[in-house]
Amino acid sequence: MTAHDELPPTDDLVAAFTRLAGSLDARHDVIDTRDALVHAAVDQTAAVEAGIVLADAGGVLHVVGSTSERTTDVEEAQLGTRQGPCLESYRSAEVVETRDVRAVRERWPAFTEVAESRGFLSGYAIPLTMRGQCLGALNLFFDVEDARTDLDAAVAQALAQFATAGIVVRRERQSHADRAAQLQHVLDGRVVIEQAKGVLAFRHSVSVDRAFALLRRYAREADARIRDVAEQVVNRQLSI
């Protein structure tokens, strides 16, 4: 049994689900919920990065959470070209595993090119489904071929189901118009967070991913919403 086949420490796994449960509280920002999901997916599996896409009322997918810039690049490339495992997972409502991104070059050339250039060699896309409806997909990325273990799959699918339940609960509390507004809130929040990452990257002369880590850490330590912290950074009301 390899290190990746071993069970994650029980306390760590419980803590991950506890954080997710807390983030589903109506008082928490939906952006923080997505952030908690993708980071839990990386912390509790062999994946090096993760991203989540959700569909709007018209069935158009949007990136609403990712662990890094390179993850966002790959997700956006898939959405832009309308090809790739996350699109396939959403359309089929089934798990789509890419054991070697080079093996799908003919099927998804754009995805393969971007994934390879960002250092990803395999992936695992899990549909977010409930009651016969697919809401989006959770996507795990690995830096080696055929890296996913059975344990990784079980943990990732449990996280996806947990998150899907939370999304459904939130949506059932809202009207159709409110749902569209919530998705727009997430997309607008991503713009503000991207701006804050740029400010921090310039201020500290660090990478954008490192800037995001600083932003997330401050929000957690201050028990604040990531979007609120980002807005304060952009508006020069906060110095991190």
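Filtering the stretch 81-93 down to residues that are out of contact with any helix residue (DSSP H, G or I) (no Cβ under 8 Å at 6 or more places or on another chain) and not aliphatic (A, V, I, L, M), which residue is surrounded by the most Cβ atoms within 10 Å (Cβ to Cβ)?
89
For the stretch 196-226, filtered to residues that are among the basic types (Lys, Arg) and either in contact with a Lys or Arg (Cβ under 6 Å, 6 or more places away or on another chain) or within 17 Å of residue 31 (Cα to Cα) (or both), the residue that is surrounded by the fewest Cβ atoms within 10 Å (Cβ to Cβ) is 217. Of the residues making up the stretch 181-240, those that are of a type in the set (A, V, I, L, M, F, W, C) and in a loop (DSSP other than H, G, I, E, B) are 206, 222, 224, 238, 240.
Answer yes if at least one residue in the stretch 123-131 is surrounded by fewer than 21 Cβ atoms within 10 Å (Cβ to Cβ) and either in contact (Cβ under 8 Å) with a residue 40 or more places away in the chain or in a helix (DSSP H, G or I) (or both), and no otherwise. The answer is no; no qualifying residue exists. Consider residue 110 carefully, then state whether it is in contact with a helix residue (DSSP H, G or I) (Cβ under 6 Å, 6 or more places away or on another chain) and either surrounded by 14 or more Cβ atoms within 10 Å (Cβ to Cβ) or not in a helix (DSSP H, G or I) (or both). It is true that residue 110 is in contact with a helix residue (DSSP H, G or I) (Cβ under 6 Å, 6 or more places away or on another chain) and either surrounded by 14 or more Cβ atoms within 10 Å (Cβ to Cβ) or not in a helix (DSSP H, G or I) (or both). Contact map, the stretch 86-109: residues that are in contact (Cβ under 8 Å) with a residue 60 or more places away in the chain paired with residues that are among the aliphatic types (A, V, I, L, M), Cβ distance under 6 Å, separation 6+ or inter-chain. Pairs shown: 95/126. The sole residue among 46, 77, 57 that is farther than 20 Å from residue 188 by Cα and either assigned by TED's automatic domain parsing to the domain that holds residue 121 or under 9 Å from the mean Cα position of the chain (by Cα) (or both) is 46.
The values are calculated or read from the model by the stated rules, or taken from the named source; none is laboratory data. In this text, all values refer to a predicted model and were calculated from it rather than measured experimentally. Positions of Cβ are generated from backbone atoms using ideal geometry, with glycine treated the same way; all protein chains shown enter the neighbour counts.
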